[in-house]
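Trainee: Structure in structure tokens, see below.
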Amino acid sequence: MRLLLWRHGRTTWNDVGRFQGHADPPLDATGRAQVAAVAPIIRAMRPDVVVSSDLQRCRDTAAGLGLPFRSDARLREIDLGLWSGLTGTEAADRFPEEDRAWRRGDDVRRGGGETYREVARRAGEVFDEIRAERQPSGPSGPSGLVVFVLHGGTARSLIGHVLGLPPELWWHFGPLANCRWSVLRHVEGGYRLAEHNAGPLLAGKVGSAGSGLSESLLPSQGAPTESDTEPVHLPK
């Protein structure tokens, strides 16, 4: 079985650098264009099951596939409590100790919200239920492709959980950009991260003759990532 973790398209808050958490700002025009560009690629992979976070930005992304899907609140983004709606600068000013701890890589409960361990536990329940539903078809376990439409922080937590890595190592996974995906593939004995922060190749700019996807539409892997999933500062 393959598990594809697809992050939602860009939102109005992503665009201005505000933490989202359980808040639910809508996709902006760029986010809707990202979904329109990427959804046919994922649909062509022929998913067997699609499960979305119940937040609107993910449900609107999942709807772009044109396939049946169900929503599950356990795939929501990490609850950021009082950090939700703040910019990075505002959060650092109001919650300096939490900000420093988070940037060190500590799994701190920001703004009275959740820890990443708790996010991994609830999202992992969805993953375990899907595996139980799909009976093994051979020595490699369940077959087919399962797509989770979710959030950057939830994706990072679930990757670490499925791979069996300790939480203090999860920050080593770079954040997913909007509308990019990661793939976990079942191999004998467990799961392997087969793709991370993947997306279609860019080809030219919007408006150019014969152009494909634009750098302005889908940022490159090295581009800055919105604040909900910004990586911690690496230790020197």
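The values are calculated or read from the model by the stated rules, or taken from the named source; none is laboratory data. What you see is a predicted model, and the numbers here were worked out from it, not measured in a lab. Cβ atoms come from the backbone with ideal geometry, glycine included; neighbour counts cover every protein chain shown. Calculation scope for accessible area: heavy atoms of the full protein, side chains included, ligands and nucleic acids excluded. Shrake-Rupley method; radii C 1.70, N 1.55, O 1.52, S 1.80 Å.
Trainee: Residues of the range 156-181 being among the charged types (D, E, K, R) and open to solvent by 20 Å² or more (accessible area, probe 1.4 Å), which ones? Talk me through it step by step, then tell me what you get.
Mentor: Step one: list which residues in the range 156-181 are among the charged types (D, E, K, R), which gives 156, 168, 180.
Within the range 156-181, R156, E168 qualify.
Trainee: Here's another thing I want to ask about it. When the residues of the range 68-112 are filtered to those that are within 25 Å of V149 (Cβ to Cβ) and aromatic (F, W, Y), which remaining residue is most open to solvent (accessible area, probe 1.4 Å)?
Mentor: For the range 68-112, the residue satisfying everything is F69.
Trainee: List the pairs whose first member sits in the range 123-152 and is modelled with pLDDT of 90 or more, whose second member is of a type in the set (D, E) and open to solvent by less than 10 Å² (accessible area, probe 1.4 Å), and whose Cβ atoms are under 7 Å apart, counting only residues at least 6 apart or on separate chains?
Mentor: Filtered contacts from the range 123-152: H151/E77; H151/D228; G152/D228.
Trainee: Still on this structure: Please verify whether R59 is open to solvent by 10 Å² or more (accessible area, probe 1.4 Å) and of a type in the set (K, R), treating the condition exactly as stated.
Mentor: On the way: open to solvent by 10 Å² or more (accessible area, probe 1.4 Å): yes; of a type in the set (K, R): yes.
Considered against the rule, which asks whether it is open to solvent by 10 Å² or more (accessible area, probe 1.4 Å) and of a type in the set (K, R), R59 comes out as yes.
Trainee: Now a separate question. Among the residues of the range 36-48, count how many are open to solvent by less than 20 Å² (accessible area, probe 1.4 Å) and in contact with a strand residue (DSSP E or B) (Cβ under 7 Å, 6 or more places away or on another chain). Outline the logic, then answer.
Mentor: Filtering the range 36-48 for residues open to solvent by less than 20 Å² (accessible area, probe 1.4 Å) gives 38-39, 42.
Now drop any that are not in contact with a strand residue (DSSP E or B) (Cβ under 7 Å, 6 or more places away or on another chain), which leaves 42.
Counting residues in the range 36-48 that are open to solvent by less than 20 Å² (accessible area, probe 1.4 Å) and in contact with a strand residue (DSSP E or B) (Cβ under 7 Å, 6 or more places away or on another chain) gives 1.
Trainee: May I pose another question? In the range 182-217, which residue that is at pLDDT below 65 and within 18 Å of V35 (Cβ to Cβ) is surrounded by the most Cβ atoms within 10 Å (Cβ to Cβ)? Before you say what the answer is, go through the steps one by one.
Mentor: Taking the range 182-217 and keeping what is at pLDDT below 65, we get 202-216.
Imposing the further condition that a residue be within 18 Å of V35 (Cβ to Cβ) reduces the set to 202, 206, 212-216.
Numbers: L202: 16, V206: 12, G212: 14, L213: 20, S214: 17, E215: 13, S216: 11.
For the range 182-217, the residue satisfying everything is L213.
Here's the yes/no breakdown for (1) assigned to a loop (DSSP other than H, G, I, E, B); (2) in contact with a helix residue (DSSP H, G or I) (Cβ under 7 Å, 6 or more places away or on another chain):
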{"site": "V51", "(1), (2)": "no, yes"}
{"site": "A62", "(1), (2)": "no, no"}
{"site": "L65", "(1), (2)": "yes, yes"}
{"site": "P68", "(1), (2)": "yes, no"}
{"site": "G85", "(1), (2)": "yes, no"}
{"site": "T89", "(1), (2)": "no, no"}
{"site": "D93", "(1), (2)": "no, no"}
{"site": "R100", "(1), (2)": "no, no"}
{"site": "D107", "(1), (2)": "yes, yes"}
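Trainee: To continue, here is another question. Taking the conditions exactly as written (at pLDDT 95 or above and either under 19 Å from the mean Cα position of the chain (by Cα) or under 18 Å from A177 (Cβ atoms) (or both)), does E77 satisfy them or not? Working first, answer last.
Mentor: On the way: at pLDDT 95 or above: yes; either under 19 Å from the mean Cα position of the chain (by Cα) or under 18 Å from A177 (Cβ atoms) (or both): yes.
Spelling it out, E77 is indeed at pLDDT 95 or above and either under 19 Å from the mean Cα position of the chain (by Cα) or under 18 Å from A177 (Cβ atoms) (or both).
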